[in-house]
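Structure first, commentary second.
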Amino acid sequence: MEYSRLGKSGLQISRLSFGSWLTFGKQIGDTTAEDLMKIAYDGGINFFDNAEAYAGGKSEEVMGEALKKMEWRRDSYIVSSKVFFGADGGKGGLMPTQKGLSRKHVVEACHQALKRLQVDYLDLYFCHRPDKQTPIEETVWSMHNLIQQGLALYWGTSEWSAQEIMEAHRVADQYNLIGPTMEQPQYNMLVRDKVEVEYSQIYKTVGLGTTIWSPLASGILSGKYNDGFPEGTRLGIEGMEWLKDRTLAEENLNRVKKVSELANELGVSMPLLAIAWCLKNEDVSTVILGASKTGQLEENLKAFDVLPQLTDEVMEKIDALLENRPERPPF
Ligand code: NDP
């Protein structure tokens, strides 16, 4: 495993990490969840990603139980939560105070996540989306105060624009508060703009770290949808039709098919090529993996082995096949 600094912080994060969206408390049983955590940790992963909204809070409960059982030293791993969408717990709808980035919800959600995860503090606490209904000052102060209280160690954003991130930094500078350390954007061969272009300046200026999500674009980049629709996969989960329609768009499938041929020529599996391609980007602090089966995670952990094959020439070939390389600023 390789480790890198998370942005300009001193936190050493594993370049591959592991998340529980749609799997823990939902698609897979608790024993499989525990097995996955163990494989991840034994493989050198030190960051486990979660959110209040995942499986309505159940994902954090399952991870919390697993962490308790494993008895890993608390100072050997990083665990996160995210606030914004609320944790409905399947009890039928959220009240207005139970979501968003108000001081009330940010603080209450933190306490609830700590309880579900059975830890005393969150290493990383993300604002899961920007909240247009809450002044940015209120959110930055709330995050700063949680850090001052020792309930969170670093805070960050997810799917915020570069401008919104810089606004948070402006407020932090103005009041001498702790600003955001990291952003969690989607990044993979099919979704590139934010990581490759939009944030390009703020890696340098504020030292933004990135914990990128969906390196396999929910599984399509494994190539397993190339020849039809396999049973028992994420995109077949009831209620996830929106994700299926978005992900299995024809232009995505065409791109994956083309790159799968290159993977064959190179003698590497498509999931490993897709994950290694994310790791190759030095602005990516960590690639958050997802898995519904232990064999998937065992395979994905081998992505570093493929890195040496990603020469400039191969990266150019991939760009030519994808035909989606975003226009970069000329500096
Ligand atoms: P991926 O895009 O890598 O998708 C993971 C899924 O792909 C697995 O659950 C599995 O689904 C399939 N898969 C994984 N490996 C293989 C393989 N080797 N061969 C075939 N299929 C494979 O990542 P996620 O979308 O899960 O995102 C990772 C994490 O990022 C999440 O758990 C979460 O922590 C975070 N995230 C954050 C978001 C945010 O808004 N901040 C949004 C989304 C995710 P299956 O077997 O069911 O097909």
Quick one: how many residues across the range 1-60 are polar (S, T, N, Q) and either over 17 Å from the mean Cα position of the chain (by Cα) or near the ligand (Cβ under 9 Å from one of its atoms) (or both)? 9
Is there a residue being in a strand (DSSP E or B), of a type in the set (S, T, Y) and surrounded by 18 or more Cβ atoms within 10 Å (Cβ to Cβ) anywhere in the range 180-191? no
Taking into account only those residues within the range 207-223 that are buried (at least 24 other Cβ atoms within 10 Å of the Cβ) and touching a Gly at 6+ places or on another chain (Cβ under 7 Å), which is nearest to N188 (Cα to Cα)? G209
Do you know which residues across the range 291-302 are near the ligand (Cβ under 8 Å from one of its atoms), more than 30 Å from Y199 (Cα to Cα) and either among the hydroxyl-bearing types (S, T, Y) or surrounded by 24 or more Cβ atoms within 10 Å (Cβ to Cβ) (or both)? S292
Which one is farthest from the ligand (Cβ to nearest atom) among residues in the range 117-130 that are closer than 13 Å to L146 by Cα and in a loop (DSSP other than H, G, I, E, B)? D120
Before we move on, is I288 within 10 Å of the ligand (Cβ to nearest atom), under 30 Å from G207 (Cα atoms) and in a helix (DSSP H, G or I)? no
Pairs, first touching a residue at least 60 places away in the same chain (Cβ under 8 Å) in the range 309-331, second assigned to a helix (DSSP H, G or I) and acidic (D, E), C-beta under 6 Å, six or more apart: R325/D319; P326/D193; P326/E196
Flag for L114 being assigned to a strand (DSSP E or B) and either within 25 Å of L11 (Cα to Cα) or at pLDDT 95 or above (or both): no
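The values are calculated or read from the model by the stated rules, or taken from the named source; none is laboratory data. This structure is a prediction, so every number in the text was calculated from the model and none was measured. Neighbour counts are summed over all protein chains in view; Cβ atoms, including those assigned to glycine, are modelled from backbone coordinates with ideal geometry.
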